[in-house]
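Below is one structure; the comments refer to it alone.
The values are calculated or read from the model by the stated rules, or taken from the named source; none is laboratory data. Because the structure is predicted, anything quoted here is derived from the model rather than measured. Here Cβ is always computed from backbone atoms with ideal geometry, including for glycine, and neighbour counts include all displayed protein chains.
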Protein chains: 2
Amino acid sequence: MSQRFDIEKSRVLYTLYCALEQGAVDPDAIPLLALLNAKCDYYTTSSCSGRVQLAATSLPGEKRRMVVLAKWHRPIETRELELALLSAERYNDLWLSVQGPILHVACRDQGSALHLLSASRRAGLKHSGILWIGRRVMVELTVSDRIETPLRLAGINVVSEEHLDFLVERVNAVLLRAKARLKRLEDEVARLP
Amino acid sequence: MSQRFDIEKSRVLYTLYCALEQGAVDPDAIPLLALLNAKCDYYTTSSCSGRVQLAATSLPGEKRRMVVLAKWHRPIETRELELALLSAERYNDLWLSVQGPILHVACRDQGSALHLLSASRRAGLKHSGILWIGRRVMVELTVSDRIETPLRLAGINVVSEEHLDFLVERVNAVLLRAKARLKRLEDEVARLP
């Protein structure tokens with residue numbers, strides 16, 4: 001079983017290195033990915049360091065039906081949002097969202113998964129949990145920081161353009177608070193065996 | 001260990017029955033609480049069936065600093081929100097949110113926790129997970145449906161009163177979609193051993 005974990009880890013890390021070479025990995029997630037994958041009991045299977053997103057959708061959370069119009073893994077400027085809105089004129093329903101970091105980590109066994117969960121709790125990621133226990137133990141590390149706010153509903157701009165500045169300021173504050181938790185998680189993971 | 005679980009279950013259920021008698025338990029959660037607590041391997045330690053909330057806070061998620069002004073565990077009418085806003089005139093920052101159901105369930109052992117997680121996945125609650133494994137296994141059952149939207153920022157109403165109807169319609173749709181997942185979870189939990 002242990003050997004199988006190592007073989008799977010090699011396979012998954014090969015895919016990750018290819019993605020890194022292509023610049024396809026969210027830069028803010030890289031330090032934590034490096035820390036976790038350097039430890040023999042863990043490997044990461046997916047990651048997002050937190051992001052701001054503009055999407056065309058009637059309701060938030062309709063992942064299969066929504067059209068993602070813009071995505072940023074960093075704080076944004078109001079004019080960037082205004083530009084994205086300009087090219088979204090044909091959509092009747094637009095939502096702006098912030099989502100905190102989310103990582104999936106395969107752990108060798110229950111003990112290593114519990115060590116990672118403890119580290120995650122100390123970093124303030126209190127909704128992290130074990131998703132499944134099988135050949136490997138899958139842990140989801142997640143931060144609940146969120147904004148999901150409509151900008152346009154049924155063709156009507158519910159937040160007027162003159163107020164976007166106020167909204168963007170809070171959007172960036174929530175994103176940066178979430179990313180700060182990721183930094184604390186790096187410090188805690190660095191101390192793991 | 002098994003006996004200790006039963007003793008703790010009795011103690012926690014006594015508190016739940018007192019809360020039920022006082023009408024302090026969210027009615028939409030009661031069928032699922034009854035189903036889970038009737039099974040010998042589980043007891044619930046906290047629950048919310050999903051809710052709409054108006055809060056005064058600079059940023060969402062600042063639980064210690066926010067002032068909760070109104071909370072509903074059911075769909076709302078625009079005039080209810082307008083009334084709540086009338087009594088919130090002294091606050092500079094107001095956020096309206098919808099959060100899906102969240103339950104914490106103590107499970108006797110890893111096997112019973114994995115059965116519950118499988119049931120939860122089949123019901124579409126894909127972020128559910130094991131929070132901790134110790135004397136008992138704590139599972140969080142959770143739905144990611146969310147809205148977190150500012151109504152007032154820095155003293156300025158970013159969503160004008162004439163647009164509240166559109167917003168309330170979507171707020172109710174997200175709440176009802178989340179509560180529908182709770183119903184599916186009931187069906188799945190009913191089939192557990």
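Contact annotation: residue pairs with Cβ atoms under 8 Å, 6 or more positions apart or on different chains, pairing a residue in segment A:122-135 that is under 18 Å from A:D187 (Cα atoms) with a partner that is among the polar types (S, T, N, Q), are A:L125/A:T142; A:K126/A:S144; A:S128/A:S120; A:S128/A:T142.
Taking segment B:83-106 on its own, how many of its residues are among the acidic types (D, E) and in contact with a Cys (Cβ under 7 Å, 6 or more places away or on another chain)?
0
I need a count of the residues in segment B:33-49 that are modelled with pLDDT of 95 or more and in contact with a strand residue (DSSP E or B) (Cβ under 7 Å, 6 or more places away or on another chain). Summing the residues that are modelled with pLDDT of 95 or more and in contact with a strand residue (DSSP E or B) (Cβ under 7 Å, 6 or more places away or on another chain) in segment B:33-49 gives 8. Taking the criterion of being over 13 Å from B:H73 (Cα atoms), under 21 Å from the mean Cα position of the chain (by Cα) and surrounded by 15 or more Cβ atoms within 10 Å (Cβ to Cβ), the residues of segment B:21-44 that qualify are B:P31, B:L32, B:L33, B:L35, B:L36, B:N37, B:Y42, B:Y43, B:T44.
Pairing residues of segment A:147-168 that are under 11 Å from B:I156 (Cβ atoms) and more than 7 Å from chain B (Cβ to nearest Cβ) with residues that are surrounded by fewer than 21 Cβ atoms within 10 Å (Cβ to Cβ) and polar (S, T, N, Q), at Cβ distances under 9 Å and at least 6 apart in sequence or on separate chains, gives A:S160/B:S160; A:D165/A:T78.
One residue is enough: does segment B:18-26 have a residue meeting the conditions touching a strand residue (DSSP E or B) at 6+ places or on another chain (Cβ under 6 Å) and among the hydrophobic types (A, V, I, L, M, F, W, C)? Within segment B:18-26, not a single residue is touching a strand residue (DSSP E or B) at 6+ places or on another chain (Cβ under 6 Å) and among the hydrophobic types (A, V, I, L, M, F, W, C). The residue of segment A:101-112 that is surrounded by the most Cβ atoms within 10 Å (Cβ to Cβ), among those that are under 21 Å from the mean Cα position of the chain (by Cα) and outside any loop (DSSP other than H, G, I, E, B), is A:V105.
Take the residues in segment A:169-191 that are without any contact (Cβ under 8 Å) to a residue 24 or more places away in the chain and within 14 Å of another protein chain (Cβ to nearest Cβ); name whichever of them is farthest from B:G155 (Cα to Cα).
Checking each candidate, the answer is A:A180.
Residues that are farther than 30 Å from B:S97 by Cα, polar (S, T, N, Q) and in contact (Cβ under 8 Å) with a residue 40 or more places away in the chain number at least 2 in the following strands (runs of 3 or more DSSP E) confined to segment A:1-100: A:42-48. A:L94 falls short on exactly one of the conditions (1) surrounded by 15 or more Cβ atoms within 10 Å (Cβ to Cβ); (2) under 29 Å from A:V189 (Cα atoms); (3) touching a helix residue (DSSP H, G or I) at 6+ places or on another chain (Cβ under 8 Å), and that condition is (2). Please specify each residue of segment A:137-146 satisfying the condition of being more than 7 Å from chain B (Cβ to nearest Cβ) and modelled with pLDDT of 95 or more. Those that are more than 7 Å from chain B (Cβ to nearest Cβ) and modelled with pLDDT of 95 or more: A:V137, A:M138, A:V139, A:L141. Looking at segment B:78-95, is at least one residue closer than 30 Å to A:S128 by Cβ and within 11 Å of chain A (Cβ to nearest Cβ)? Yes - at least one qualifying residue is present in segment B:78-95.
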